[in-house]
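First up is the structure itself, then whatever we jot down about it.
Every number here is computed from the coordinates shown, using simple stated rules; none is lab data. Values in this document were obtained by computation on a predicted structure and should not be read as measured data. FYI the Cβ positions are ideal-geometry reconstructions off the backbone, even for glycines, and counts take in every protein chain you see.
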């Protein structure tokens with residue numbers, strides 16, 4: 001094989017002609033996606049240290065997570081369209097550069113406001129970068145079996161990135177300080193950028209231009225989601241009837257309605273409404289919203305619970321997440337091997353049922369309980385079920401999609417997970433806060449009660465996802481999970 005880059009063309013060369021080159025593109029895409037997903041959860045273990053260092057309020061702690069997920073969720077659709085229109089290579093490089101620079105700004109932040117702002121910019125960089133990683137894979141691997149393996153690796157990275165965030169965050173916080181949970185991205189981002197410049201060729205070019213990007217749609221959906229989350233979070237300190245709460249919720253609903261109107265009017269919408277009429281795609285994205293709601297809240301709430309209630313150190317908290325990380329890996333690999341034989345529906349139903357059982361178990365936690373049986377064991381069930389579900393729901397959403405819509409559909413899938421995560425985290429944290437305020441006994445007993453109610457709500461989310469999965473096609477996945485050239489719906 002020649003060591004020189006392949007010639008630039010408008011169509012990706014067959015996988016058999018590129019050999020190790022395609023393996024490098026897969027490695028680059030998965031490494032970038034791992035870094036993006038890692039930053040959703042890596043901060044959770046470090047939140048108490050950030051609170052002490054920067055004087056953050058409980059709501060401020062939540063915004064460290066929510067600012068990232070909102071910037072990520074609100075602009076993922078724009079990032080997906082950018083990958084289609086201006087090319088996966090250019091979009092990948094821009095997103096990676098912005099993400100890396102924002103990570104440095106987070107690590108150097110001198111106060112909470114600066115950190116939250118930098119986290120939002122970091123989320124925007126991730127929103128540009130993440131869809132490009134999946135688009136690179138879809139346009140590089142055109143042979144069905146190779147694409148299934150590549151998407152399995154990408155889905156595993158998504159699951160493992162979220163699971164190992166707490167472990168890596170605990171190690172960095174304990175031995176290097178909380179700032180390094182962000183600064184660690186800088187050398188990694190530079191290395192990936194150098195590899196992408198060398199291996200990702202102009203073959204991954206788009207079929208449009210920046211002028212076709214729907215900026216009004218992106219702005220309305222981003223601000224609308226932010227307003228909704230702000231309104232929900234505000235209920236922790238203000239009554240529902242306060243102008244701050246209902247004003248923010250009303251603004252969010254109006255802006256999301258405006259987004260729907262904009263999408264029906266513009267020539268090149270972020271989300272062509274016809275796409276949402278595809279039954280399988282619509283159901284898969286609703287399931288992903290419920291899955292994301294439980295998944296994001298699980299890492300956040302458990303990280304705080306084991307430190308605030310059980311008194312674990314950051315390092316011990318991170319190490320405690322290792323069994324869950326292994327459970328996610330096992331679940332993801334299991335679904336990768338079974339998907340082509342069973343199709344997505346049985347795997348999703350099973351995975352969500354396992355997670356529901358785990359969350360119901362977690363909801364029974366008590367101040368005097370045994371850690372291994374009351375916390376660790378149910379957490380493993382939650383993680384195993386979530387790991388089993390990531391690939392099937394992605395496969396259901398992307399099956400049969402035309403290659404030219406790869407960025408759009410991957411953006412929708414990622415947006416659904418992040419929207420679910422942002423809204424779910426806000427809802428569950430608000431439920432926990434209201435429970436704690438209404439509890440007669442202060443201290444550990446109140447904290448335990450609020451976490452128990454939040455986990456019960458997470459069980460409702462995963463149960464709804466299991467029921468929704470029953471509406472997906474039951475036939476085996478004879479087509480690969482992802483777009484095929486000229487593929488039908």
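Could you order the peptides 24-32, 173-181 from most to least packed, using the average number of other C-beta atoms within 10 Å per residue? Write out the running numbers ahead of the final one.
Values: 24-32: 21.8, 173-181: 19.0.
For the peptides 24-32, 173-181, the packing ranking is 24-32, 173-181.
By how many nm would the segment from residue 326 to residue 175 grow when fully extended, if each residue of separation counts as 0.36 nm and the alpha-carbon distance is taken off?
Values: separation 151, 0.36 × 151 = 54.36 nm, distance 2.34 nm.
Full-extension gain reported as 52.0 nm.
Can you tell me the order of 459-468, 42-51 when each peptide is scored by its average per-residue count of other Cβ atoms within 10 angstrom, highest first?
42-51, 459-468
Please compute the contact order of region 214-267 in relative form: average sequence separation of alpha-carbon pairs under 8 Å and at least six residues apart, divided by the residue count, as a percent.
46
Quick check: the distance between the Cα centres of region 137-190 and region 240-318, to the nearest angstrom?
21
Ranking request for peptides 122-130, 341-349, 238-246: highest mean number of other beta-carbon atoms within 10 Å first, then the rest in descending order.
So the order, starting with the most tightly packed, is 122-130, 341-349, 238-246.
Extending each Cα 7 Å along its Cβ direction at residue 279 and residue 256, get the distance between those two points in nm, one decimal.
Placing both labels 7 Å along Cα→Cβ, they lie 2.5 nm apart.
How far apart, in nm, are two points set 7 Å out from the Cα along the Cα-to-Cβ line at residue 113 and at residue 52?
The answer from the label model is 2.6 nm.
If R0 is 22 Å, what FRET efficiency do you get for residue 183 and residue 59 from their C-beta distance, rounded to 0.05?
Efficiency, from the Cβ-Cβ distance: 0.30.
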